[in-house]
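The values are calculated or read from the model by the stated rules, or taken from the named source; none is laboratory data. All of these numbers come straight from a predicted model, not from anything done at the bench. Virtual Cβ from ideal backbone geometry, glycine too; neighbours counted across all protein chains shown.
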Amino acid sequence: MTPTLINAHAQQVLQAVQGTHASAGAGPDLAITRSWRRCLDQHRLDPASRRAPDVLEQPRLQDHRAPLEHMIAAARWQMNSLHQQVGRDGHVVLLTDARGVAIDSVFNEAERSEFQRSGLWLGSVWSEENEGTNGVGTCLVERRHVTIRRDEHFRGKHVGLTCSASPVFDSSGELLAVLNLSSVRREQSLAQHFQAMALTQLSARLIESCFFLGNEPHRYLLRFHPEAGFVGLLGEGLLGFDDDARVCSVNQAALDLWDMTRAQLVGQPLAALVQTPIEHLLSQASVQPGVCWPLRLLDGRLFYAQLRAPLRTSPRTTPSQPRIKDARVCLEDPRLQRGFDRALRVLERDVPVFLQGETGTGKEAFAAALHRASSRAGQPFIAINCAAIPESLIESELFGYRGGSFTGARKDGMVGKLEQAHGGILFLDEIADMPLALQTRLLRVLEERQVVPLGGASARPLDVRLISASHQDLQACVVDGRFREDLFYRVGGFAVQLPPLRERSDRDALLDLLLRDEAKGVRIQLERGVREHLLAHPWPGNVRQLRTCLRTLIALAREGRVTLDDVAELLPDGSAVALNPLHQSERQTLLSLIEAEHWHIARVAARLGISRNTLYRKLRHHGIVRPGRPDPLPS
């Protein structure tokens, strides 16, 4: 922008504010002229000033970022998505705090210098009192979406920009941040303006919802909508309440759907708002609800709802005897208690955790419980099974890719699991099955703390804590040359051995937990002898097999009663097999051989001197299933 054009723009601003000239930019939106008057009368700004925007140094920037780390992590994926949807080139996405300081950004690395010249980078201060009328600053004042096109900016220095900005509110209605999309393109069509405005507003609402869902894990969360199919989508109402069923927080969609103000809802007992008995409502709560049920308000309006139960963690009684509880896992076995407590402590210090255990012992559930108990409970938990994804796809799944990077790639690209986990926890299950070439790249990412998508030119910062798992002996895999030694030392910072179900001392409590979870609020009664039969079974498939069995028994139950005949039909040799040492010995021998031969069935059969069909029958009998293969073994 030349000095002559900047001075001409300054004259236009002054004339418009004084009412002596009808500005093309100011006419359609009174928010612009209100802002221009504030800039002149309150902030005493000069529209012809050519000074550069203020940029905070790193220590001061960190002071602004630190209180909003959870927000930044929740927003990051959506910022990347917004950047992709508008075509990337010529656009930058900024997230600012409530004082207009840019705390995160997404842009093409090749365009860094151009955006920096415009002041669009981390630490820049875009409040109205600093930079005059602009997307971020005016949005903060107006508390609504604003679009500031080129010469609608107060300062002539910024007339090359078009900015679309939307506020992000927290669960109490306080303005938390601003999501801003800026373009340096010289010309944009009306359709492009509307697209930018719509996508920015949509992205801001998605960030609000993600932050709301993750910010209060220890409260009940009611999700509702007049249409059952819309529960879980963007337009759903979100309402948090405490153990006394008193409303603590609501989102804007909830206020709109119930046609009430925040003051009318927050602090009110839920019983004063809904017809549905509170006892019935609470009975529907689940940590991971999946079914909608009718919710009727006192005025008769009908909604459909899901209720997320709060995550419970009990305080530790003594440092030597931790008592950690979680609504989704049973940790009453002393070995599990100790392993969980120690794993949580090292994970909080950014030490990788490695989980070792037989197939079905609940490694992913254990990892998810660590996430819920950690300081990153409100951030993403991204799980990927390295054995379940084809080798040709696992690289793109982990690292993502830019559009057109390879044949069959989506034109708008894809954000990888690593980047989705930014700010949270990444769980790599069956890591021993990761291809060697990919192990090399993963090691580099973990060391450098940044990731480059396939086909991308620039690295993106990465902040993840790592939990990995395998049923195989990783050290043996290193000796065999199937796993990199340097990666072994990187991911195996602290190892936890998960005991098989047959060795756990808390089988009784685990049975009750799984039974409640699978019953989904339905009262289930176990006939005499059923519990003993279930507890005596060896469960070669461990917790996964027990859960499937209970699900089947509940489906078969008549009037909520599980009979001994049903159990005997499903587990005909339960107690006898459990006490048979020959059964256990044969199973362990099969496991050792098949893992030593890397699941090469023909070689295992040859070593045992039996046919492959006989071997398959023995594997089915002992419940031995290849990891990552949900389909049964051949008959």
Practice prompt. Could you figure out which of (1) in contact with a helix residue (DSSP H, G or I) (Cβ under 6 Å, 6 or more places away or on another chain); (2) at pLDDT 90 or above; (3) assigned to a helix (DSSP H, G or I) isn't true of Asn180?
Written response: (3)
Item to complete: Among the residues of the range 412-444, write down those that are free of Cβ contacts under 8 Å to residues at least 40 places away in the same chain and of a type in the set (A, V, I, L, M, F, W, C).
Response: Met414, Ala437
Discussion item. Condition check: modelled with pLDDT under 75, buried (at least 21 other Cβ atoms within 10 Å of the Cβ) and not assigned by TED's automatic domain parsing to the domain that holds Ile72. Does Gly413 satisfy that?
Written reply: yes
Practice prompt. Could you look through the range 347-363, keep only residues that are touching a strand residue (DSSP E or B) at 6+ places or on another chain (Cβ under 8 Å) and surrounded by fewer than 16 Cβ atoms within 10 Å (Cβ to Cβ), and pick out the one that is nearest to Pro538 (Cα to Cα)?
Written response: Val351
Discussion item. Yes or no: the range 515-532 includes at least one residue that is part of a loop (DSSP other than H, G, I, E, B), of a type in the set (S, T, N, Q) and not assigned by TED's automatic domain parsing to the domain that holds Gly357.
Written reply: no
Worksheet item: How about the range 455-498: which of its residues are out of contact with any strand residue (DSSP E or B) (no Cβ under 7 Å at 6 or more places or on another chain) and either outside the structural domain of Glu358 (by TED's automatic domain parsing) or closer than 30 Å to Ala110 by Cα (or both)?
Response: Gly456, Ala457, Ser458, Asp463
Fill in: Within the range 305-329, tally of residues that are surrounded by 19 or more Cβ atoms within 10 Å (Cβ to Cβ) and either modelled with pLDDT of 90 or more or out of contact with any helix residue (DSSP H, G or I) (no Cβ under 6 Å at 6 or more places or on another chain) (or both)
4
Response to the item:
Condition set within 14 Å of Leu94 (Cα to Cα) and small (Gly, Ala, Ser), scope the range 157-183, selection surrounded by the most Cβ atoms within 10 Å (Cβ to Cβ): answer is Ala165
